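Written below as structure tokens is the structure these notes are about.
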Amino acid sequence: MDPVVELLSGKDVIGSQDKAIIAVESHEIIPMIKWEQRAFSTAILGVIVFASLAIFPVFLIPSTPSMWVAGMTFGYGSGFLMIIGGVSIGSSIPYFIGSLFYHRIHVWLERHPKRASIIRLAGEGNWFSQFRAVSLIRISPFPYVIYNYCAVATDVKYAPYLLGTVVGMAPEIFVALYTGILIKTLADASQDRKSLSVSQIVMNVARFCISVSATVAVADCDECGQVLHQCERDCSSDVVRKRRLKELQMREELLLQ
């Protein structure tokens, strides 16, 4: 019997959903990890992970599996720095590519004002307001690979865009690193045909609690949703006021003529 399955059946440490995920990993992901560790050196894996984090967002491809590999290979410290570097490049390239299609993206946003109202928030206000809006958008369920291209059309500056991206994605990065470390621990246990020791179980549970606590501390999803909706309503009202002001100015010019 697989020691991973034996551990999970004998200890009610992890929830049922996590058990199902780990059961799949023990038959599909763990063999792939073993092959990966045999086929590539640590330096090559670092290059592959960094390149995938920088290139995948350009083609709208999720890069979470690359974050898992970073956690498995480099741990929290080096893995976090590597991911931050890759994510910074991966979010910057679409930003500058989007600037080449600024007018087309802007026209699309004008045609869909309700859908675009949230991402338009990032371009409102001063530097700190833009940074806060980008951070909230990154934390929210809004697809960040799409926002990478649309951000420039909202007139958000590059500095608050990049800093807000790094801060907003920090919770996701920590959770991905924890997931990668946990997968590696289970892979090692499966390879050695040994059950996890009590200290390893305690460490994994502690890491999980720390990751969840960090995520909750940075942002509560409901609160972020309320803030975004409030900002959306404020932005919509500002748009309406601007349109009315333009109409009044046009009427005044016609009367003067």
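The values are calculated or read from the model by the stated rules, or taken from the named source; none is laboratory data. This structure is a prediction, so every number in the text was calculated from the model and none was measured. Cβ atoms come from the backbone with ideal geometry, glycine included; neighbour counts cover every protein chain shown.
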**Asked** Within region 70-89, is there a residue that is part of a helix (DSSP H, G or I), over 23 Å from Ser41 (Cβ atoms) and either at pLDDT 90 or above or among the basic types (Lys, Arg) (or both)?
**Response** yes
**Item:** Filter result for Ile105 (over 30 Å from Leu45 (Cα atoms) and modelled with pLDDT under 85)
**Value:** no
**Asked** So, of the residues in region 35-60 that are within 16 Å of Tyr144 (Cβ to Cβ) and hydrophobic (A, V, I, L, M, F, W, C), which turns out to be surrounded by the fewest Cβ atoms within 10 Å (Cβ to Cβ)?
**Response** Phe59
**Item:** Tabulated pairs, region 24-43, first closer than 14 Å to Thr73 by Cβ and of a type outside the set (Phe, Trp, Tyr), second assigned to a helix (DSSP H, G or I) and modelled with pLDDT under 70, C-beta under 7 angstrom, 6+ apart or interchain
**Value:** Lys34/Gln191
**Asked** So, in region 127-161, of the ones that are under 15 Å from the mean Cα position of the chain (by Cα) and surrounded by fewer than 16 Cβ atoms within 10 Å (Cβ to Cβ), which residue ends up nearest to Lys114 (Cα to Cα)?
**Response** Phe142
**Prompt:** Taking region 123-141 as the region of interest, how many residues are at pLDDT below 80 and within 17 Å of Tyr95 (Cβ to Cβ)?
**Reply:** 0
**Item:** Filtered residue count, region 57-84, keeping only those that are under 15 Å from the mean Cα position of the chain (by Cα), among the hydroxyl-bearing types (Ser, Thr, Tyr) and closer than 21 Å to Ala189 by Cα
**Value:** 0
